[in-house]
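Every read-out reported here was derived from the displayed coordinates using simple, explicitly stated rules and does not represent laboratory data. Model, not experiment: these values are computed from the prediction. Please note: Cβ atoms are built from the backbone with ideal geometry, for glycine as well, and neighbour counts cover all protein chains shown.
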Amino acid sequence: MAKLGFVGLGVMGSEMVLRLLSKGHTVTAGLTPGKFYVDISTVSPEYSRVVAAKVRAKGCDMVDAPVSGSVITLQEGKLSVMVGGSRETFEKLKPILLEIGPKVTLVGDNGLALVMKIATNLSLAVQMLAFSEGVLLAEKSGISREIAVEVLVNSAIASPMIKYRGPFVLKLPDEAWFNVNMMQKDMLLALELGRKLDVPMPSTAVTNEFLTAARGMGLVKEDFAVVYDVLAQMSGVSR
C-alpha cells in the first residue's frame, strides 16, 4: 500500500481517488524530496517538460500520465494510462497506475504521453463529427434516427468511443462526460502541435470549427457529442 497525494478532485480525479482508496492506499497531498509527481492533466507537452524540470529541481521526479477513456470506463476499471518519463520512475509507479486502469504504457520521455493523448483526443472529436454526418444522411433519407444509430454502432465503424457516445445523438447525458470547452482545448493543442511539427491537420481544423459553433450556440457545457446538434441545425433537422 502507498501513501499518495492527489490534486484535482473533478469528475475524473474524484473517481481515480475512489479507486485508489478502494485498493487500500492512503490519499492526501504534498511533494517533498524523494517523492514522485504524476501529472494526469492534459496540457501542452512543452509546458509539461517545464514543470518536470522544476519538480526535479526539488529533488523529486515527474511523469506525465494522461488517460484514455471516460467516467464509465474508469468506473469499470478499463481505463488506459499513457506515461512519459524515465523508465526507472515508470517502473516504480506502474503498480499504482495499474490500480487506476489495466493498461499502462510507457511511450517515451517527458511530454510524449501528452502528445499521444492529444493525438487520441483529436480523433475522438473527428470521429464524432463523421458519425453525425452518417446519422443525418440516413435520417434525411427517411431512416429513423434510432435505427441509423443502432446500425452504425454495430457496424465496422463502431470504435469503443462510437459505441458509448454514439447514442448521445438520441439523448445527451444529463452531465457531460467531456464537454465542448475541454475538447476544444485539446483540439487547439493538437493544431498548435501540428503547426510546430509541420503536420497538416485538415479534419482537426474543420471539427474545431464545429466546436466553436457549438460555443456560439450556447452549448459549451454539453458533451462534445453535441457537434451532432450543430450539424443537424445546419441540415434543418431538430433534435
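Points worth noting:
- Long-range tail of P(r) for the chain (Cα pairs > 30 Å, %): 32 percent
- Most fluctuating residue given options 55, 199, 180, as computed from a GNM of the chain linking Cα atoms under 10 Å: 199
- Spatial separation of Cα centroids for region 141-178 and region 193-223, in angstrom: 21 Å
- Computed [θ] at 222 nm, deg cm²/dmol, the chain (DSSP H ≥ 4; -39,500 (n - 2.57); rounded to nearest 500): -16500 deg cm²/dmol
- Estimated vicinal HN-Hα couplings, Hz - region 211-219 in sequence order (Karplus 6.51, -1.76, 1.60; Gly, Pro = x): 5, 4, 4, 4, 4, x, 8, x, 9
- Expressed per residue, the C-alpha convex hull volume of region 1-117 stands at 91 Å³.
- Charge dipole (the chain, unit charges on Cβ, about Cα centre) - positive-most of 181, 128, 169: 181
- Normalised convex hull volume, region 66-175, alpha-carbon set, Å³ per residue: 106 Å³
- Highest-fluctuation residue, 211, 106, 114 considered, GNM on the chain with Cα pairs under 10 Å: 106
- Global form of region 96-231, assessed from the alpha-carbon gyration tensor, a/c cut-off 1.5: prolate
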